[in-house]
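Engineer: Structure incoming, see below.
The values are calculated or read from the model by the stated rules, or taken from the named source; none is laboratory data. Note that the structure is a prediction, hence the values are computed from the model and not measured. Because the Cβ atoms are built from the backbone with ideal geometry, glycine has one as well, and the counts that use them run over all protein chains shown. What goes into the accessible areas is simple: the full protein's heavy atoms, side chains included, and nothing from ligands, DNA or RNA. Shrake-Rupley method; radii C 1.70, N 1.55, O 1.52, S 1.80 Å.
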Amino acid sequence: MRSKLGVNIDHVATLRNARGENHPVLLKAAKEVIKYGADSITIHVREDQRHVKKKDAILLKRKIKKPINLEMAPTIAMVNFAIKLNPKFVCIVPEKRKEVTTEGGLNLTQKNLKKLINKLKKNNIEVSLFINPSVKDVRNSYKLGVNAIEIHTGSFAKAIKAKNKNKLNYEFDKIKKCKLECDKTKMKFNLGHGLDYDSTKYLSKIKNINEYNIGHFIIGESLFDGFPKVIKKFKRLIR
């Protein structure tokens with residue numbers, strides 16, 4: 001199977017919001033990354049709307065043809081918004097008001113999670129869970145009835161940057177075991193968080209990954225090299 005590339009454009013909105021105006025334009029960024037090869041657009045609409053706002057999501061859904069992957073907290077308010085938006089995919093993620101970025105995977109034992117998942121699925125929205133690289137969490141995700149899982153690759157990505165071989169092998173082995181467990185089910189297997197060229201290339205050793213979701217590095221590196229070069233390089237790495 002051909003692995004897909006989802007591009008998270010949250011940090012275009014972060015830059016825009018720094019001035020409280022409308023530049024850079026989020027819709028233009030979405031169209032540009034699609035033009036150069038993104039298979040989907042990921043947006044995290046946080047409850048505090050610190051970067052992508054609900055009105056941004058509504059405009060993107062209306063104006064772009066590629067699938068939107070909406071990252072959101074497991075709350076009834078966000079589920080109701082997702083149903084109104086009707087994206088192709090929803091990824092349920094943990095959310096803390098004071099965190100800079102998502103710090104880890106979802107707590108799968110939290111109350112009402114199954115109910116929220118079922119409500120989204122009844123509205124024909126494919127649901128994934130953002131989880132830690134844990135075989136137990138893969139199994140529990142399957143029991144919850146989701147369509148896909150996305151493994152939090154943050155610790156693996158940090159091990160690559162630190163050139164810590166033992167930690168790298170340990171984290172990579174955890175991800176591989178999760179993939180093997182996922183292969184026993186019909187769930188799709190996605191990866192995301194903290195990925196750059198080196199970590200993505202290393203992870204491409206694992207065959208049949210459904211999608212890589214990458215945001216911060218693509219937006220940051222594109223300041224120097226532009227979307228065409230950066231996105232096309234990632235597409236080559238995940239082939």
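Engineer: From the backbone phi of the range 117-129, what are the Karplus-calculated ³J(HN,Hα) couplings (6.51 cos²θ - 1.76 cosθ + 1.60, θ = phi - 60°) in whole Hz, Gly and Pro given as x?
Structural biologist: These are the phi-based 3J(HN,Hα) values: 4, 4, 5, 5, 5, 5, 9, 6, 9, 6, 10, 10, 10 Hz.
Engineer: Now a separate question. Could you check the spin-label model distance between ASN107 and LYS35? Points 7 Å from the Cα along Cα→Cβ, value in nm.
Structural biologist: Calculated label separation equals 4.5 nm.
Engineer: Further question on the same structure: Only Lys, Arg, Asp and Glu count, each charged at its Cβ (+1, +1, -1, -1), so figure out the dipole size of the range 1-89 about its Cα centre, rounded to 20 debye.
Structural biologist: So the magnitude is around 420 debye.
Engineer: Step through the residues of the range 53-66 one at a time and calculate ³J(HN,Hα) from phi using the Karplus curve (6.51 cos²θ - 1.76 cosθ + 1.60, θ = phi - 60°), rounding each to whole Hz and writing x for Gly and Pro.
Structural biologist: Per-residue couplings from phi come out as 9, 4, 5, 4, 4, 5, 5, 4, 4, 6, 9, 10, 9, 6 Hz.
Engineer: Let me ask something else. Could you work out [θ]222 nm for the chain from helices alone, using -39500 (n - 2.57) per DSSP H run of at least four and dividing by all its residues? Round to the nearest 500 deg cm²/dmol.
Structural biologist: -14500 deg cm²/dmol
Engineer: Charges at C-beta only: +1 for Lys and Arg, -1 for Asp and Glu. How large is the resulting dipole of the chain about its Cα centre, in Debye rounded to 20?
Structural biologist: 620
Engineer: Return the loop-located trypsin sites (Lys or Arg not before Pro) in the range 1-83 (DSSP other than H, G, I, E, B) with at most 11 other Cβ atoms within 10 Å of their own Cβ; answer none if there are none.
Structural biologist: Counting only loop positions with at most 11 other Cβ atoms within 10 Å, the trypsin sites (Lys or Arg not before Pro) in the range 1-83 are ARG2, ARG19, LYS65.
Engineer: While we're looking at this one, here's another question. For ASP48, what accessible area in Å² do you get when you roll a 1.4 Å probe over the heavy atoms of the protein chains, rounding to the nearest 10?
Structural biologist: About 60 Å², ignoring ligands and nucleic acids.
Engineer: Over the range 1-112, with every protein chain in place, what whole percent of the accessible area is carbon and sulfur at 1.4 Å, could you tell me?
Structural biologist: Ligands and nucleic acids excluded, carbon and sulfur give 51 percent.
Engineer: Which far-off residues, 5 or more places away or on another chain, put their amide H under 5 Å from the one on CYS91, with H placed in the peptide plane?
Structural biologist: Amide H to amide H, under 5 Å and 5 or more residues apart or across chains, CYS91 pairs with LEU70, GLU71, MET72, SER128.
Engineer: With no solvent and one point on each alpha carbon, what is the Debye value of log10 I(q)/I(0) for the range 67-206 at q = 0.10, 0.18, 0.19 Å⁻¹?
Structural biologist: -0.33, -1.02, -1.11
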